[in-house]
Amino acid sequence: MIVIEEIKYFIEAYFYQGIGWDLIEDAVIDHRSISKEERTKFKEEILYIKNLLDQNQFEIVNKIIVSNDLEGTKVSAIEGMQRFVNAILPLIEKFEFKKEISYIPLKSLKYMIETIIIPTDTSLSYPFFSAFIQKEGDTFIQHFKQDLEYVEQAFKENDTSKIEEILQISHEKGVYIFDSEYRDSFIQEVMESLS
């Protein structure tokens with residue numbers, strides 16, 4: 001019988017009793033902190049269960065539930081497992097990297113600055129900033145990291161036109177981190193938290 005250790009881990013660590021179905025997206029976002037290999041295995045397990053359910057292989061699904069000690073959880077019955085698969089799979093796909101979306105310099109940075117309006121008297125919180133970025137998915141994360149590299153390179157090369165564009169984008173919303181002494185540490189901390 002197949003062991004669905006990643007599904008079991010997800011349910012025990014992120015979707016335990018007391019966490020409602022309405023919070024499943026938050027659970028998926030939290031779950032994204034594990035390695036890419038574990039997330040890939042998790043998706044494979046979800047697809048395997050989906051395939052069994054689509055083929056009406058309910059007896060096998062029940063055996064998997066029992067053999068993986070999922071009785072007493074939200075997925076202890078076929079209906080719960082079906083609901084779980086139907087809810088999780090679109091969320092996994094929503095956050096995956098999409099190669100077909102091209103990188104446009106500073107687009108992600110501009111989106112972040114326009115979305116998180118940071119008053120000038122409030123200091124930036126790296127964990128908050130990183131947590132917000134995680135909710136946008138792998139494509140956004142990759143593009144945002146490229147934007148941070150773009151900013152870093154512009155200042156290293158002292159490229160006046162790129163620096164002016166970066167500062168204009170950030171100053172419009174009252175964000176001054178890129179022309180402060182904290183720019184490099186900000187970029188480094190955010191890049192590390194997104195790795």
Next item on the list: Report in % the part of the accessible area of the chain that belongs to carbon and sulfur, leaving out ligands and nucleic acids; probe 1.4 Å.
Entry: 50 percent
Next item on the list: In whole Hz, with x marking every Gly and Pro, tabulate ³J(HN,Hα) for segment 135-148 from phi via Karplus 6.51 cos²θ - 1.76 cosθ + 1.60, θ = phi - 60°.
Entry: 5, 8, x, 5, 5, 4, 4, 4, 5, 5, 4, 5, 5, 5
Next item on the list: Would you kindly derive the ³J(HN,Hα) couplings of segment 56-68 from the backbone phi angles with the Karplus curve 6.51 cos²θ - 1.76 cosθ + 1.60 (θ = phi - 60°), listing them in order in whole Hz, with x for Gly and Pro?
Entry: 6, 8, 5, 5, 5, 4, 4, 4, 5, 4, 5, 5, 9
Notebook entry, point to check: Using θ = phi - 60° and the Karplus curve 6.51 cos²θ - 1.76 cosθ + 1.60, what whole-Hz ³J(HN,Hα) does each residue of segment 69-77 get, with Gly and Pro shown as x?
Noted result: 6, 9, 5, x, 9, 5, 10, 6, 10
Notebook entry, point to check: For segment 125-195, what does the alpha-carbon gyration tensor say about shape, rounded, prolate or oblate, given a ≥ b ≥ c as the root eigenvalues, a/c under 1.5 as rounded, and a/b over b/c as prolate?
Noted result: prolate
Notebook entry, point to check: So what is the relative contact order for the chain, in percent, with contacts set as C-alpha pairs under 8 Å and at least six apart?
Noted result: 20 percent
Item checked: Heavy-atom surface of the chain, accessible at 1.4 Å and reported per residue (Å²) -> 56 Å²
Margin query: Here are labelled values, (i) 18.6, 68; (ii) 21.1, 66; (iii) 28.3, 108, and one is the computed Rg and Dmax of the Cα atoms in Å for what I pasted. Which one?
Written below: (ii)
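The values are calculated or read from the model by the stated rules, or taken from the named source; none is laboratory data. Keep in mind that this is a model prediction, so the values were computed, not measured. Please note that ligands, DNA and RNA were not included when accessible areas were found on the heavy atoms of the full protein model with its side chains. Shrake-Rupley method; radii C 1.70, N 1.55, O 1.52, S 1.80 Å.
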